Amino acid sequence: MYSQPSLLPRQDPDAPIRQTDNDAAVARLSAVQKHYLDDLFVKHLVPRAHLQPNRPPLINIGTYIRTRGIEDLVDGWLSSAKKQGKKCQIVSLGAGSDTRFWRIATGPHKDTLIKYVEVDFGEITSKKSMSIMKNRELRDVLGGSNHIQITEGGTVLHSRQYHLLAADLRRDPVDTLQEPLTIPSHGSQEPILSPQCPTLLLFECVLAYMEVNVSSRLLQWFVDYFSADGGGAPLGCVIYEMFGLNDPFGRVMLNNLRARSVTLPGAEPFMTLDSLVERLLKTGFHKGWALTLKEIRKSYIEPEELARISRLEMLDETEELELVLAHYAISWSIFVPTAEDKEKWGDWGLKEKRKHEEEGLSFS
Ligand code: SAM
């Protein structure tokens, strides 16, 4: 039967996924404005930052816990490299409007970071490269305009230390990431990503949006690159995402997202922390761990910090906060090619700042 073509413009099915970047950036801005977090750069990457309303306390606390957990892992990685007199690389996949590069490059670990690579959809990277070029504070950290190269119609940006690449992470990395990351170009003898340099992969709320076989292929590609020819440098990985969505809370979350045309094929299969670790071990990482944000809040943040943030805003819904935090996890893993590296990098991970009152927490 003939059906009349719709007169409404058809929405790009990835537009709602890209929109989640704005949600994350606005949440971060709110947590900064309410003094949970320090970030001098976030306002330059959020459009009309001064007009954005603050988020409710529950969201601000969640943003704080997530950021602290990931920050502690990144800091630990940089500290381990520094202790061994090594430089390290960070690759942030689905980086969106994240400011982490600017915070590291102006912080105490700036000399340990040799490369920082961000990847996202071209629509997101072109906006970010434009914001960088328009803003002196962001540009200066990259060495100023004379040291920045914009290519691929504004979607790709290269500088000495920071590289912004456009790719759909669901596509085969052999077709998208291999050439820009592993083949020397731009007059350099070296590829952007050296397999001989300790490297940390960050997936902050991105793998949930793609099928598990697709994200596993991506993880596997990195492990293969670092294990080629008998061994490169240690490769670490940090993933933050929702999990355990097979309960009433999870079903409400999935329905709310579905109403915005967002699905979570990469989160729905993971019911437990163990399953998150297993996924990492299956792609070749040697060791892995996972904690919920609820556990991180309880034992992995300094009590003085928890006391400080508890004074920032009134929170009535502690039970609701715990329920939300129990559905988000940070998992991390390490691939160590040599026995010597196993020892040197063996204690990388989140450290308890406060002992559990009750027994029973065990790492996977
Ligand atoms: N990591 C940033 C943060 O935590 O602030 C942004 C998180 S945002 C929730 C998810 C990001 O992943 C968006 O910027 C989105 O465009 C990106 N993303 C999702 N699927 C992607 C894909 N298939 N390829 C490239 N980027 C993707």
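Placing dummy labels 7 Å off each Cα toward the beta-carbon, the span from Leu323 to Gln189 is 6.1 nm. Dipole magnitude for the chain: computed about the Cα centre from +1 point charges on Lys and Arg Cβ and -1 point charges on Asp and Glu Cβ, it is near 900 debye. Taking every DSSP beta bridge that has both residues in the chain, what percent is antiparallel when rounded to the nearest 5? Given both bridge residues lie in the chain, the antiparallel proportion sits at roughly 50 percent. The alpha-carbon of Lys86 sits under 26 angstrom from the alpha-carbons of these lysines, leaving out residues fewer than 8 places away in its chain: Lys110, Lys115, Lys287, Lys342, Lys344, Lys351.
For Leu200, the residues whose amide H sits under 5 Å from its own are Gln89, Ile90, Val91, Gly236, ignoring neighbours fewer than 5 places away on the same chain, with H placed 1.01 Å from N. Sorted ascending by nearby beta carbons within 10 Å, beginning with the fewest, Arg297, Arg139 become Arg139, Arg297.
Taking other Cβ atoms within 10 Å as a rough exposure proxy, Ser80, Ser261 sort from fewest to most as Ser261, Ser80.
Measuring between their Cα centroids, segment 37-60 and segment 174-209 lie 29 Å from each other. For a Förster distance of 35 Å, can you work out the FRET efficiency between the beta-carbons of Asp38 and Asn213, rounded to the nearest 0.05? Given R0 = 35 Å and the Cβ-Cβ separation, E is 0.35.
For the chain, a Gaussian network of Cα nodes joined below 10 Å ranks His147, His286, His158 by mean-square fluctuation, and the top entry is His147.
Between amide H atoms placed 1.01 Å from N, distances below 5 Å from Met210 occur with Gly266, all of them 5 or more places distant or on a separate chain. Take the alpha carbon gyration tensor of segment 229-340, find the square roots of its eigenvalues, order them as a ≥ b ≥ c, and report rounded if a/c is under 1.5; if not, report prolate when a/b exceeds b/c, else oblate. Judged from the Cα gyration tensor, segment 229-340 comes out oblate (a/c at least 1.5, b/c at or above a/b). Relative to the current alpha-carbon distance between Lys83 and Asp140, full extension at 0.36 nm per residue lengthens the span by 17.7 nm.
Every read-out reported here was derived from the displayed coordinates using simple, explicitly stated rules and does not represent laboratory data. These numbers were taken from a predicted model, which means no experiment stands behind them. Every residue, glycine among them, receives a Cβ derived from its backbone with ideal geometry; neighbour counts consider all protein chains shown.
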